[in-house]
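First up is the structure itself, then whatever we jot down about it.
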Amino acid sequence: CGPASAYMAIGGWGETGSILGLSTEEKLQELASEMGTDSSGTYVYSVTNGLNRYTIGHDYGYYLGQDLTQALFRIYSFNSLSYERAPLLHARTAALSYYNGHNSGHYITVTEFNYGTEEVRLHDPNYNDAYYGIHYVPYTEAYDSINLESDRYYICYWP
């Protein structure tokens, strides 16, 4: 899910053509190889470094979710999205209502933060159709998915 979320973020700034491979599947395999993804998943620093291979300036960093206040989460989200750098949640899925209590570690791409409705749009690359796709959730759910446990991170651009 790390390479798939990164692929979506890279696509947000129109750079998927710079990833080696002719098909989406080949490009995802290339990202997985670059990020050292194995059967146990992908490390946060590897996803971040992988994203930064495709950025021109405006690099990503990662932040421990427990260290972020809700205000910082909103600010980091806004800044990252305004620079066309879709943030990634290194989420615990139980905090997200559409997971109905299912709890696993998972990367999910944040593609919009609506300040009017206080919702975020998530692009979830889960292989399970019950969770896959585009979801709108209160930003507090997205925040809780990285804040309630000690080992979760927010990958985003910060100037």
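Per-residue Karplus couplings for the range 45-60, computed as 6.51 cos²θ - 1.76 cosθ + 1.60 with θ equal to phi - 60°, are listed in order as 5, 6, 5, 4, 4, x, 4, 5, 5, 10, 8, 10, x, 6, 6, 7 Hz, Gly and Pro entered as x. For the range 9-90, the share of accessible area belonging to carbon and sulfur comes to 50 percent (1.4 Å probe, ligands and nucleic acids excluded).
The string of couplings for the range 108-117 from the Karplus curve (6.51, -1.76, 1.60, θ = phi - 60°) is 9, 8, 9, 10, 7, 10, 9, 6, x, 9 Hz, one whole number per residue in order, with x for Gly and Pro.
The GluC sites (Glu not before Pro) of the range 85-159 that DSSP puts in a loop, and whose beta carbon has at most 15 other beta carbons within 10 Å, are E118.
State whether the range 1-54 is rounded, prolate or oblate according to the following rule on the C-alpha gyration tensor (a ≥ b ≥ c being the square roots of its eigenvalues): a/c under 1.5 gives rounded; otherwise a/b larger than b/c gives prolate, and the remaining case gives oblate. Oblate is the answer for the range 1-54, as a/c is 1.5 or above yet b/c matches or exceeds a/b. Under a Gaussian network description of the chain, with springs only between Cα atoms under 10 Å, the residue in A91, A32, A71 that fluctuates furthest is A71. Between S40 and H58, the simple spin-label model (points 7 angstrom out along Cα→Cβ) gives 3.5 nm. Can you give the FRET efficiency to the nearest 0.05 for Y115 and E25, using r as the Cβ-Cβ distance and R₀ = 35 Å? It comes to 0.45.
In the range 1-123, a dipole from Cβ-located charges (positive for Lys and Arg, negative for Asp and Glu) runs towards its positive end, and of G17, S39, H123 it is H123 whose Cα lies farthest in that direction. Think of a 1.4 Å ball rolled over the protein heavy atoms: the range 61-128 then has 45 Å² of accessible area per residue.
The distance between label points at T69 and N128 comes to 3.6 nm (points 7 Å beyond Cα on the Cα→Cβ vector).
From the Cα gyration tensor of the range 1-90, with a ≥ b ≥ c the square roots of its eigenvalues, which class applies: rounded if a/c is under 1.5, or else prolate if a/b is larger than b/c, or else oblate?
Working: a/c = 2.46, a/b = 1.46, b/c = 1.68.
The shape class here is oblate.
What the phi angles of the range 64-70 give under the Karplus curve with 6.51, -1.76 and 1.60, with θ = phi - 60°, is a coupling list of 5, x, 5, 8, 8, 7, 4 Hz, glycine and proline written as x. Rg then Dmax, both in Å and based on the Cα atoms of the chain: 14.4, 41.
Taking a point 7 Å out from the Cα of S82 in the direction of its Cβ, the residues of the range 99-139 whose backbone N falls within less than 16 Å of it are 112-116.
The values are calculated or read from the model by the stated rules, or taken from the named source; none is laboratory data. Model, not experiment: these values are computed from the prediction. Reconstructed Cβ throughout: ideal geometry from the backbone, glycine too, with neighbour counts over all protein chains shown. Keep in mind that these areas ignore ligands, DNA and RNA; they rest on the heavy atoms of the full protein, side chains included. Shrake-Rupley method; radii C 1.70, N 1.55, O 1.52, S 1.80 Å.
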